[in-house]
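The values are calculated or read from the model by the stated rules, or taken from the named source; none is laboratory data. Just so we're clear, the structure is a prediction, and the values are computed from it rather than from any experiment. Please note: Cβ atoms are built from the backbone with ideal geometry, for glycine as well, and neighbour counts cover all protein chains shown. Please note that ligands, DNA and RNA were not included when accessible areas were found on the heavy atoms of the full protein model with its side chains. Shrake-Rupley method; radii C 1.70, N 1.55, O 1.52, S 1.80 Å.
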Amino acid sequence: MDPHDAIKHHLERTDDPTLLILRTHLLIEERLRDVLARICRSADELPAARLSFHQVLSLCSAIIGRHDDPAWGFVARLNKVRNRMSHHLDPGNLDELLGSVVEKLGPGYAERFKTPVDRFREAAFYACGYFDAIRGSIRLREAYAHEDEI
């Protein structure tokens, strides 16, 4: 399935803010873990490390750099919101939480969308596409080369 179609399949099937946050978190996590796997010679060793989402995000950020790109702030805030929802029976106003994630992409992002859910969904598409571009980049290479490859 085309990556855009896969994202669309998961994000357009609901307007529930909780599900959108959880699904976006999983879609982003999948992409970040793929980035790590692509640079490792033995990616099959990664699951044993039991890296948290935050650890995976931090490693990818350190490897990729480009910290000025707003997608990194979007994902960091997404993780905080997801954790808040996971650990509090009443996490607060979901529309405000969605907005706090979207605003990491910049002021006025996706103003053409009327509802917080629609703005969040559009922002999620952007962030997934951003990390799809990174994981598909020809510049992303294994971190260690054998002597015969140097």
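List, please: which pairs have Cβ atoms under 7 Å, are six or more places apart or on different chains, and start with a residue in segment 1-23 that is over 16 Å from ARG119 (Cα atoms) and end with one that is open to solvent by 70 Å² or more (accessible area, probe 1.4 Å)?
Filtered contacts from segment 1-23: no entries.
LEU57 is checked against (1) buried (at least 18 other Cβ atoms within 10 Å of the Cβ); (2) within 12 Å of the chain's Cα centre (by Cα); (3) at pLDDT below 95 and fails just one. What number does that condition carry?
All conditions pass for LEU57, except number (3).
Among the residues in segment 76-95, are any of a type in the set (Asp, Glu), closer than 18 Å to GLY129 by Cα and open to solvent by 20 Å² or more (accessible area, probe 1.4 Å)? If you could, list the steps in order and put the result at the bottom.
As a first pass, look at segment 76-95 and keep what is of a type in the set (Asp, Glu): 90, 95.
Restricting the remaining residues to those that are closer than 18 Å to GLY129 by Cα gives none.
The answer is no, given that none of the residues of segment 76-95 is of a type in the set (Asp, Glu), closer than 18 Å to GLY129 by Cα and open to solvent by 20 Å² or more (accessible area, probe 1.4 Å).
Tell me yes or no: at least one residue of segment 36-49 is surrounded by fewer than 12 Cβ atoms within 10 Å (Cβ to Cβ) and at positive phi.
no
If I ask for residues that are buried (at least 22 other Cβ atoms within 10 Å of the Cβ) and either over 10 Å from the mean Cα position of the chain (by Cα) or among the basic types (Lys, Arg) (or both), which ones from segment 116-134 would you list?
Result: ARG119, PHE120, ARG121, ALA123.
Could you run through segment 1-17 and say how many residues are assigned to a helix (DSSP H, G or I), touching a helix residue (DSSP H, G or I) at 6+ places or on another chain (Cβ under 6 Å) and open to solvent by 80 Å² or more (accessible area, probe 1.4 Å)?
Filtering segment 1-17 for residues assigned to a helix (DSSP H, G or I) gives 3-11, 17.
Now restrict to residues that are touching a helix residue (DSSP H, G or I) at 6+ places or on another chain (Cβ under 6 Å): 3, 7, 10-11, 17.
Now narrow it down to the ones that are open to solvent by 80 Å² or more (accessible area, probe 1.4 Å): none.
Adding up the residues that qualify gives 0.
Identify all residues within segment 99-137 that are touching a helix residue (DSSP H, G or I) at 6+ places or on another chain (Cβ under 7 Å) and among the polar types (S, T, N, Q); write none if there are none.
Keep residues of segment 99-137 that are touching a helix residue (DSSP H, G or I) at 6+ places or on another chain (Cβ under 7 Å), which gives 99-102, 104-106, 109-110, 113, 116-117, 119-121, 123-128, 130-132, 134-135.
The answer is SER100, and nothing else.
Taking the condition of being in contact (Cβ under 8 Å) with a residue 12 or more places away in the chain, more than 16 Å from ARG31 (Cβ to Cβ) and hydrophobic (A, V, I, L, M, F, W, C), how many residues in segment 51-99 meet it?
Number of matching residues: 5.
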